Amino acid sequence: MARSIRAFFISIVAVLAVAAPVAAQSSDPIKLGIIDIYSGGFAFISNTIRTGFEIALDEANASGGLNGRKFELVTADMGRDVAKAVTEARRMILEEKINFITVGIHSGAAVAVSEIGKERKALVLGGFATTRRLTGEAGHDYVGRANLSTVEIGRVMAAYLKDKTEIKRIATIAPDYEYGQQFTGDFIAALKETRPDITVVRQEWPKFGTADFAAHVTALQAQPVDMVVNGTFGGDLINFLKASRDFGLFDGDTQFFTHGLDLIKPSVMKDVLPENAIATMWYPFYAVDSAKSKAFAAEIEKRMGGYATGSAPVGYVAGRMVVEAIRKAGTADDIDKVVAALGGVSFEGPTGMVKVRECDHMALYNFYVGRVARAAGLPDGIGLADVQAFHTETLARSCEDIAKARAAAK
């Protein structure tokens, strides 16, 4: 009897010894990675994406995480080097055991890292990448996107021009690399459907990082147009606007339609933006009247010491996408369950309801267009008036088109 009792206790100790590491493991934080450009001129955008992402994780942790397990963010600086992004992704996956990686603003890095995700069965999101290849031609089950692509951007801008019958002749300007080429091509393709009567008179292709836009501005002045449609951004946009002001490009009746006014703070362009400009925005928070938006904008101001720009809600959406997929799956350890759960995830974001499509794991939500205005009630005295919301669910590429694009790329 004594021997059997002793054997019983030994067996109990053995069971507890085996169970202990499992219990410890189950309480470990769930690590989510972001790879982005945290140095140089893009740092502000990357830091804003990260802050939005952090807010999503903090909200999730405040409500219990995943059965008590906390979500933890790990970041890596890729510089502007796609190869460095790939190296950091491999390190995160193989050494830190991170199976959920978001790539910030670099489209090429997002596509490259997504291939690592496919190879290693890790979920990769494009945080702010707009290339249509990410979830289209290069898409697969282990990739998703928190931002709209150039297809949706082009369709929103073309839809805005649908009833602007005074616009008959336009010119375009965009940086001469993948984003700019796709931006222009997708906008013109959408315009042919929405306003086939509009003629594209000229296309300008400055190199990314151009300082002197004089030649491009004078080329745009060579033939009269009703509107110049712009895809440049950041420092390039400021340099273009300065040259446009100096040469009087917009002194007459020519309108200016620019994408992504709030990629940086619009106040930086306050003195050079034409009076009759039209712009797209991710987050005109002063025109979004919801408790969620007000709370989010206040939290951004608290954490960053300034008002929210467009990359903040996109970063939030990226964080929530991963968190909600993990919670829906009920596990962070079975990646295939999380990937399967990602499609159909929905939640309230700063701009309203967000829905993640099953066919390509793309987040669909409101995107905005309005008239640039200068008024005391706007952040730093500048923003959008007459704001129109376009929900990307009604303008996104169809799942059939996504399937065809993926099949054609094989």
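The values are calculated or read from the model by the stated rules, or taken from the named source; none is laboratory data. A quick note: this is a predicted structure, and the numbers were derived from the prediction, not measured. Here the Cβ is made from the backbone with ideal geometry for all residues, glycine too, and neighbour counts use every protein chain on show.
Just the residues that are among the β-branched types (Val, Ile, Thr) and more than 21 Å from LEU161 (Cα to Cα), please, taken from segment 230-275.
Matches in segment 230-275: ILE238, ILE264, VAL268, VAL272.
Mind telling me which of the residues LYS337, LYS355 ends up being within 17 Å of ALA56 (Cα to Cα) and basic (Lys, Arg)?
Exactly one residue qualifies, and that residue is LYS355.
Looking for whichever is among the hydroxyl-bearing types (Ser, Thr, Tyr) and in a helix (DSSP H, G or I) here; the options are THR218, THR232, THR172. Which one fits?
Step by step, each of THR218, THR232, THR172 is checked, and only THR218 is among the hydroxyl-bearing types (Ser, Thr, Tyr) and in a helix (DSSP H, G or I).
Of the residues that sit in segment 156-188 and are within 23 Å of the chain's Cα centre (by Cα) and charged (D, E, K, R), which one is surrounded by the most Cβ atoms within 10 Å (Cβ to Cβ)?
Per the stated criteria, the residue is ASP186.
Restrict the check to segment 196-215 and report whether at least one residue is assigned to a helix (DSSP H, G or I) and not assigned by TED's automatic domain parsing to the domain that holds GLY319.
Yes.
Yes or no: ALA158 of a type in the set (A, V, I, L, M), under 28 Å from MET321 (Cβ atoms) and in contact with a Lys or Arg (Cβ under 8 Å, 6 or more places away or on another chain)?
The answer is yes for ALA158.
Confirm whether SER244 is touching a Phe, Trp or Tyr at 6+ places or on another chain (Cβ under 7 Å), outside the structural domain of MET157 (by TED's automatic domain parsing), modelled with pLDDT of 95 or more and surrounded by 14 or more Cβ atoms within 10 Å (Cβ to Cβ). Explain how you work it out, then say what you get.
Details: touching a Phe, Trp or Tyr at 6+ places or on another chain (Cβ under 7 Å): yes; outside the structural domain of MET157 (by TED's automatic domain parsing): no; modelled with pLDDT of 95 or more: yes; surrounded by 14 or more Cβ atoms within 10 Å (Cβ to Cβ): yes.
Considered against the rule, which asks whether it is touching a Phe, Trp or Tyr at 6+ places or on another chain (Cβ under 7 Å), outside the structural domain of MET157 (by TED's automatic domain parsing), modelled with pLDDT of 95 or more and surrounded by 14 or more Cβ atoms within 10 Å (Cβ to Cβ), SER244 comes out as no.
State whether the residues of segment 303-315 include one that is out of contact with any helix residue (DSSP H, G or I) (no Cβ under 6 Å at 6 or more places or on another chain), outside the structural domain of GLY349 (by TED's automatic domain parsing) and buried (at least 24 other Cβ atoms within 10 Å of the Cβ).
No, because not a single residue in segment 303-315 is out of contact with any helix residue (DSSP H, G or I) (no Cβ under 6 Å at 6 or more places or on another chain), outside the structural domain of GLY349 (by TED's automatic domain parsing) and buried (at least 24 other Cβ atoms within 10 Å of the Cβ).
Here are some residues: VAL217, VAL225. Which one is out of contact with any strand residue (DSSP E or B) (no Cβ under 7 Å at 6 or more places or on another chain), among the β-branched types (Val, Ile, Thr), surrounded by 19 or more Cβ atoms within 10 Å (Cβ to Cβ) and over 24 Å from PHE128 (Cβ atoms)?
After ruling out the rest, the residue left standing is VAL217.
Does segment 399-409 include one or more residues that are among the aliphatic types (A, V, I, L, M), buried (at least 20 other Cβ atoms within 10 Å of the Cβ) and under 23 Å from GLY154 (Cα atoms)?
yes
Could you give me the residue pairs with C-beta distances under 7 Å whose first residue belongs to segment 205-226 and is farther than 25 Å from GLU166 by Cβ and at pLDDT below 95, whose second residue is crowded, with 18+ Cβ neighbours inside 10 Å and charged (D, E, K, R) wherever it lies, and which are 6+ apart or on separate chains?
PHE208/ASP236; GLY209/ASP236; THR210/ASP236
Among the strands (runs of 3 or more DSSP E) contained in segment 342-410, which hold 3 or more residues that are not hydrophobic (A, V, I, L, M, F, W, C)?
So the answer is 346-349, 366-374, 382-391.
Within segment 68-80, can one find any residue that is assigned to a loop (DSSP other than H, G, I, E, B), over 18 Å from GLY127 (Cα atoms) and in contact (Cβ under 8 Å) with a residue 40 or more places away in the chain?
For segment 68-80, residues assigned to a loop (DSSP other than H, G, I, E, B), over 18 Å from GLY127 (Cα atoms) and in contact (Cβ under 8 Å) with a residue 40 or more places away in the chain: present.
Criterion first (assigned by TED's automatic domain parsing to the domain that holds LYS207 and in contact with a strand residue (DSSP E or B) (Cβ under 7 Å, 6 or more places away or on another chain)) does THR172 satisfy it?
Yes: the conditions hold for THR172.
Considering only residues that are among the charged types (D, E, K, R) and touching a residue at least 24 places away in the same chain (Cβ under 8 Å), look in segment 247-274 and name the one that is farthest from LEU384 (Cα to Cα).
ASP253
Does MET353 satisfy the criteria of being modelled with pLDDT of 95 or more, surrounded by 20 or more Cβ atoms within 10 Å (Cβ to Cβ) and under 20 Å from the mean Cα position of the chain (by Cα)?
Working: modelled with pLDDT of 95 or more: yes; surrounded by 20 or more Cβ atoms within 10 Å (Cβ to Cβ): no; under 20 Å from the mean Cα position of the chain (by Cα): yes.
Spelling it out, it is not the case that MET353 is modelled with pLDDT of 95 or more, surrounded by 20 or more Cβ atoms within 10 Å (Cβ to Cβ) and under 20 Å from the mean Cα position of the chain (by Cα).
Any idea how many residues of segment 171-193 are over 11 Å from THR232 (Cα atoms) and in contact (Cβ under 8 Å) with a residue 60 or more places away in the chain?
Summing the residues that are over 11 Å from THR232 (Cα atoms) and in contact (Cβ under 8 Å) with a residue 60 or more places away in the chain in segment 171-193 gives 1.
Can you report the number of residues in segment 391-400 which are touching a residue at least 24 places away in the same chain (Cβ under 8 Å) and over 15 Å from HIS361 (Cβ atoms)?
At the first step, the residues of segment 391-400 found to be touching a residue at least 24 places away in the same chain (Cβ under 8 Å) are 391-393, 395-397, 399.
Subsequent filtering for residues that are over 15 Å from HIS361 (Cβ atoms) retains 391, 395.
Counting residues in segment 391-400 that are touching a residue at least 24 places away in the same chain (Cβ under 8 Å) and over 15 Å from HIS361 (Cβ atoms) gives 2.
Within segment 85-103, count every residue that is over 10 Å from VAL124 (Cβ atoms), hydroxyl-bearing (Ser, Thr, Tyr) and surrounded by 24 or more Cβ atoms within 10 Å (Cβ to Cβ).
0
THR331: assigned to a loop (DSSP other than H, G, I, E, B) and either under 14 Å from the mean Cα position of the chain (by Cα) or acidic (Asp, Glu) (or both), yes or no?
No: the conditions fail for THR331.
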